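All remarks here apply to the structure that follows.
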Amino acid sequence: MIRALTAGNLNAYRSLWLHGLSADPSAFLLTAAEAVATADSALVAKLSAGEVIGAFDSEALVGFVALRRGGPERMRHMADVGPLYVHPSARRRGLARALLDAAVDAALQMGVLQLELCVDSQNLGAQVLYQACGFEQIGLRPRSVIVDGVARNDLLMLRQLDA
Ligand SMILES: CC(C)(COP(=O)(O)OP(=O)(O)OC[C@H]1O[C@@H](n2cnc3c(N)ncnc32)[C@H](O)[C@@H]1OP(=O)(O)O)[C@@H](O)C(=O)NCCC(=O)NCCS
């Protein structure tokens, strides 16, 4: 089942987020230490705002994607997608694709015209997924993040929802 998470999913969300940060650190912007230091209140605010969509296997949260609309009025037509994470035990069953489809539906309901995301230039699996979901590369940001002292590049990808 795919649905927006609520404050009631706080513990499951934090647990899966921390798992992802440890298993696939380059797929996230924050470090594990920063995530651990993030207050419950900040996560509750994010969940209560409907900014995270979850994928469930029976009752267990096994995946999530975040969707954040631009804040300033002149950027309200766009939203950032990510992080996107699916637990290794639930991969290649179409959950990430379903999460992205749900993010697109949510964005359309908000009147958002385009979705943007960053993906590590070496994360070929995620790039195949995003392309299959209609995202196109619009650029490359060199030294986008520095992970454990190593600079990594990000592809910038965009999907126009009214195209
Ligand atoms: C990338 C990720 C979210 C994919 O999740 P998933 O639920 O396994 O993806 P799906 O089953 O929905 O895949 C849909 C399609 O995307 C492509 N795809 C997904 N993962 C892929 C991989 N590792 N290698 C190649 N293609 C892949 C395939 O075309 C797949 O269709 P198929 O299974 O019929 O071949 C998951 O592997 C993950 O969480 N990885 C670690 C975190 C990460 O990289 N997040 C993205 C950061 S921007």
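No lab work stands behind these numbers, since they all come straight from the coordinates. These numbers come from a predicted model, not from an experiment. Every residue, glycine as well, gets a Cβ built from its backbone with ideal geometry; the counts of neighbours run over all protein chains shown.
When you go through LEU129, LEU117 one by one, which is the residue that is assigned to a strand (DSSP E or B) and within 9 Å of the ligand (Cβ to nearest atom)? So that I can check it myself, show each step before the final result.
On the way: LEU129 fails: assigned to a strand (DSSP E or B).
Going through LEU129, LEU117 in turn, the sole match is LEU117.
Any idea which of GLN122, GLN137 is outside any helix (DSSP H, G or I), more than 14 Å from the chain's Cα centre (by Cα) and within 12 Å of the ligand (Cβ to nearest atom)?
Working: GLN137 fails: within 12 Å of the ligand (Cβ to nearest atom).
From the options GLN122, GLN137, the qualifying one is GLN122.
Go through LEU99, LEU43, LEU29, LEU47 for me and flag whichever is within 16 Å of the ligand (Cβ to nearest atom) and surrounded by 18 or more Cβ atoms within 10 Å (Cβ to Cβ). Even if it seems obvious, please write down each step before you answer.
On the way: LEU43 fails: within 16 Å of the ligand (Cβ to nearest atom); LEU29 fails: surrounded by 18 or more Cβ atoms within 10 Å (Cβ to Cβ); LEU47 fails: within 16 Å of the ligand (Cβ to nearest atom).
Exactly one residue qualifies, and that residue is LEU99.
So VAL112 fits all but one of (1) surrounded by 13 or more Cβ atoms within 10 Å (Cβ to Cβ); (2) within 6 Å of the ligand (Cβ to nearest atom); (3) not acidic (Asp, Glu); what number is the exception?
(2)
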